[in-house]
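The structure appears below as structure tokens.
The values are calculated or read from the model by the stated rules, or taken from the named source; none is laboratory data. None of these values were measured; they are calculated from a predicted model. Counting neighbours? That spans all protein chains shown, and the Cβs are built from the backbone with ideal geometry, glycine included. The area values use the complete protein model at the heavy-atom level, side chains included, leaving out ligands, DNA and RNA. Shrake-Rupley method; radii C 1.70, N 1.55, O 1.52, S 1.80 Å.
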Amino acid sequence: MASAKATMGQEKQDHFVLKSGHAMPAVGLGTWRAGSDTAHSVQTAITEAGYRHVDTAAEYGVEKEVGKGLKAAMEARIDRKDLFVTSKLWCTNLVPERVRPALENTLKDLQLDYIDLYHIHWPFRLKDGAHKPPEAGEVLEFDMEGVWKEMENLVKDGLVKDIGICNYTVTKLDRLLRSAKITPAVCQMEMHPGWKNDKIFEACKKHGIHVTAYSPLGSSEKNLAHDPVVEKVANKLNKTPGQVLIRWALQRGTSVIPKSSKDERIKENIQVFGWEIPEEDFKVLCSIKDEKRVLTGEELFVN
């Protein structure tokens, strides 16, 4: 288990340096289930709250809105090179010949020439129009090596600065590393005190792969912002439960992508620098027992 002190040295700044040497802002705006206000939320996050990292995905259905928000922010004199934009390749496009067209669609929707990080969204290939969960015959064979090679070509051609993975198991990561010429820069996964995901976290650290935590506040069934342990630490530090949970992720050595469509909450969620959770409170938060993850590939994709 990571201790607060062990990771504090690398987290005095508000970014992490990836294997490639590129800097990734430590806190990003998540856009999953972001809804109709997405463009406004993205613009507000960047121009008013100081975010420089936006995380989205084709499957979220909001990339056009994210693009409008990014454009508005850049028109407000925010330089593109100061922004870090992440998107993801969806399961129906996990075949080599679909990788580049999928990215080109994303670039068009986001109104960008390149993105900073492109992930494999889930390591399952689905048939077009597959149900959730898929029915018999809708989960297809996934040519992981072939798809990754195409992802590597996107880096070579300057369309993507870094490539990464989401929701991988240790077994699938090991398989990918056997053939990858470019090691994934980032592995994104659900992570919060109620789902610490230690096994894959340790495997990523071993290979120098940075980890991004999504759903940092837990799930709708187990919203950790209302957990008595979290509330107690928040009261002690005079912070919100959300800020404590985001800070916990940072002190563990991960970047984090909280989602909110409320302006006030968006601004609150990035006020997590210049203070820390004391060692003893960090340990108490780490001792919250693993409850339930928000998203499981098994539920979404496997009968």
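Quick notes on this structure:
- Any hit, the stretch 15-30, residues being polar (S, T, N, Q) and in contact with an Asp or Glu (Cβ under 6 Å, 6 or more places away or on another chain): yes
- Flag if Gly69 is modelled with pLDDT of 95 or more and part of a loop (DSSP other than H, G, I, E, B): no
- Among residues of the stretch 118-137, those that are in contact with a Phe, Trp or Tyr (Cβ under 9 Å, 6 or more places away or on another chain) and either open to solvent by 20 Å² or more (accessible area, probe 1.4 Å) or over 13 Å from Trp90 (Cα atoms) (or both), counted: 6
- Residues being in contact (Cβ under 8 Å) with a residue 60 or more places away in the chain, assigned to a helix (DSSP H, G or I) and either buried (at least 20 other Cβ atoms within 10 Å of the Cβ) or among the basic types (Lys, Arg) (or both) - total across the stretch 32-57: 4
- Checklist (1) assigned to a loop (DSSP other than H, G, I, E, B); (2) hydrophobic (A, V, I, L, M, F, W, C); (3) surrounded by fewer than 20 Cβ atoms within 10 Å (Cβ to Cβ) applied to Leu112, failing item: (3)
- Residue, modelled with the lowest pLDDT, within the stretch 269-293, restricted to residues that are under 17 Å from Gly218 (Cβ atoms) and open to solvent by 40 Å² or more (accessible area, probe 1.4 Å): Arg293
- Test set (1) in a loop (DSSP other than H, G, I, E, B); (2) open to solvent by 40 Å² or more (accessible area, probe 1.4 Å); (3) in contact with a Lys or Arg (Cβ under 9 Å, 6 or more places away or on another chain) - Phe142 fails condition number: (2)
- Tally of residues being surrounded by 22 or more Cβ atoms within 10 Å (Cβ to Cβ), in contact (Cβ under 8 Å) with a residue 40 or more places away in the chain and in contact with a helix residue (DSSP H, G or I) (Cβ under 9 Å, 6 or more places away or on another chain) across the stretch 165-191: 5
- Test: residue in the stretch 60-70 that is of a type in the set (Asp, Glu) and surrounded by fewer than 21 Cβ atoms within 10 Å (Cβ to Cβ): no
- Qualifying residue in the stretch 294-302 (condition: surrounded by fewer than 17 Cβ atoms within 10 Å (Cβ to Cβ), over 19 Å from the mean Cα position of the chain (by Cα) and modelled with pLDDT of 55 or more): no
- Within the stretch 169-193, the residues that satisfy the criterion of being farther than 18 Å from Trp32 by Cβ, outside any helix (DSSP H, G or I) and not polar (S, T, N, Q) are Ala180, Lys181, Ile182, Pro184, Ala185, Pro193.
- Exactly one residue out of Arg252, Arg265, Arg247 is open to solvent by 50 Å² or more (accessible area, probe 1.4 Å) and in contact (Cβ under 8 Å) with a residue 12 or more places away in the chain, and it is Arg265.
- Considering Val155, Val147, Val211, the condition of being part of a strand (DSSP E or B) and either farther than 15 Å from Ser255 by Cα or at pLDDT 95 or above (or both) is satisfied by Val211 alone.
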